Amino acid sequence: MSKLQQFAQALSADAGLLEAYKADPKGVMLANGLTKQEIELVLSGDINGLKAQLGDSLMQAYVVIATPTE
């Protein structure tokens, strides 16, 4: 499992991590070991790119990642 997949799962399970992510998405992704390319992908909101990286089973977690201010 990639760091991005692990991070997506952690966001969906850890309310504290999600709150930290909402306040500083890039900083939290860096602190959790995501690569510059993964961070750029998440921040871009590219559904097809994220789907390719995460797989269909984690797309619900993607929604959390793509909308950090909601």
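Data for the structure
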read-out	value
Cα-projected label distance for Lys51 with Ala15, points at 7 Å along beta-carbon direction, nm	3.2 nm
Segment Ser2-Leu43, extension gain: residue separation times 0.36 nm, minus the distance between their alpha carbons	13.0 nm
Around Met29: net Lys/Arg minus Asp/Glu count, Cβ-Cβ under 11 Å	0
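Each value in this text was obtained by applying a stated rule to the coordinates, not by laboratory testing. Just so it is clear, the structure is predicted and the values come from calculations on it, not from any experiment. All Cβ positions, even for glycine, are placed from backbone atoms using ideal geometry, and neighbour counts span all protein chains on display.
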